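Every read-out reported here was derived from the displayed coordinates using simple, explicitly stated rules and does not represent laboratory data. Note that the structure is a prediction, hence the values are computed from the model and not measured. For neighbour counting, all protein chains shown are included, and Cβ atoms are generated from backbone atoms with ideal geometry for every residue, glycine included.
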Amino acid sequence: MGGLGRLLHSTVLLLVASTAVVNGCPPSDRAALLAIKASLHEPYLGIFNTWTGYDCCHNWYGVSCDQETNRVADINLRGESEDPIFERAKRTGYMTGTISPAICRLDRLSSVTVADWKGISGEIPSCIAYLPFLRILDLIGNRLTGEIPAEIGRLNRLTVLNVADNLITGEIPRSLTNLSSLTHLDLRNNRISGPIPRDFWRLRMLSRALLSGNRLSGPIPNTIAAIYRLADLDLSMNQLSGPIPDSLGKMAVLSTLNLDGNRFSGTIPLTLINSPVANLNLSRNLIQGTIPDAFGPRSYFTVLDLSYNNLRGPIPKTISSAAYIGHLDLSHNHLCGRIPAGAPFDHLEASSFTFNDCLCGMPLKVC
Ligand SMILES: *[C@@H]1O[C@H](CO)[C@@H](O)[C@H](O)[C@H]1NC(C)=O
Ligand SMILES: *[C@@H]1O[C@H](CO)[C@@H](O)[C@H](O)[C@H]1NC(C)=O
């Protein structure tokens, strides 16, 4: 090869080498992914068979990279999905093993979804709180143990935190209320104990707070009503106590309020009867007093379940003036008197009223 030829040759080599660097995934990201792969075991679908070769940004199942930097930006592994890989295997996903702390070396991650694999155990790596660009953390439906990382509140871009359906213990970390971008919090069905943090209201962007099926205790902080966008508050099946705050009935967009299966006491706030709340479940608590006689055209309930409490007195007459009541359950209380006639009572069955002290009239026996 002459001088010019050699020059051309090395230029071409340089070009090839630099395009490979620009287009391929950085070796350090690839190494982190391979460490993640090594600590997981997915025997049925073979998704990790695709995690091979140098370019982790292309054709590695569930991995995607930022177009400009080529850094790994999303890990999206769902054990229940419509992806053809599941249809071909004719089954949902199952995966065992643990989530390697090597995931924290992918420091450009914007979303981590490792959901519904049923068998992934171990703890959530605490270093995950140091992923500065993380927006979505979705680990629903595994067998994760340990606590929510204490420093989770560092993730100031986090909008979705979903660790539902795992075996998480410990309390809601103090720092969690620092997640000022959080819109969706789902901690359902774990073993989380302790109180709802007093400064929960600082989660100003929250629209769904789903905390049911844990071991939470203590009261609902009054100030929770300051979360203007909150539409769905599910605190059912815990050990919460104290009164139901009046303020919940004054929230602008709260439409689902599930407080069933706790130890709430006191009376039903009047405010809840004329509020935007359309799904109200207060079943299985220690609620006393009468059902507020305050229904009106703004009372619209797809579900109104007040069963299994200590309610007394009559069914209020104004209930017939509600705009709509779909499912009504007043059973297992100490109500007494005539069941009002007309809507919504014309479509209800006896089971909505049974096990009270002395209710009578349609659909129960005549008075
Ligand atoms: C919440 O954030 C503030 C400001 O960044 C910080 O000073 C405080 O220590 C954080 N709280 C917790 C409990 O981490
Ligand atoms: C209300 O909560 C109770 C107790 O958790 C549950 O059994 C019931 O199905 C719920 N009601 C409706 C209508 O979902």
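For Ala323 and Glu123, the difference between the fully extended length at 0.36 nm per residue and the C-alpha to C-alpha distance is 67.2 nm. Could you give log10 I(q)/I(0) at q = 0.12, 0.14, 0.15 Å⁻¹ for segment 257-367, computed by the Debye formula over C-alpha point scatterers of equal weight, without solvent? One equal scatterer on each Cα of segment 257-367 leads to -0.35, -0.48, -0.56.
Taking Cα centre as origin and charging only the Cβ of basic (Lys, Arg, +1) and acidic (Asp, Glu, -1) residues, the dipole magnitude of the chain rounds to 420 debye. Expressed in units of 2.2 N^0.38 Å, where N is the residue count, the Cα radius of gyration of the chain is 1.31. Computed from Cα atoms, the angle from the helix 27-38 axis to the main principal axis of the chain rounds to 50 degrees.
In this calculation the C-beta distance from Tyr94 to Cys336 is compared with R0 = 56 Å, giving a FRET efficiency of 0.55. The angle between the Cα long axis of helix 3-23 and the longest principal axis of the Cα atoms of the chain comes to about 10 degrees, rounded to the nearest 10.
Oblate is the label for segment 50-158, because the ratio a/c of its alpha-carbon gyration tensor axes (a ≥ b ≥ c) is 1.5 or higher and a/b is not greater than b/c. Once the Cα-Cα distance is subtracted from the 0.36 nm per residue extended length, the Cys360 to Glu171 segment shows a gain of 63.4 nm. Counting only DSSP beta bridges whose two residues both lie in the chain, roughly 10 percent are antiparallel.
For a straight C-alpha distance cut-off of 25 angstrom, the lysines reachable from Lys37 (same-chain residues fewer than eight places away being disregarded) are Lys90, Lys118.
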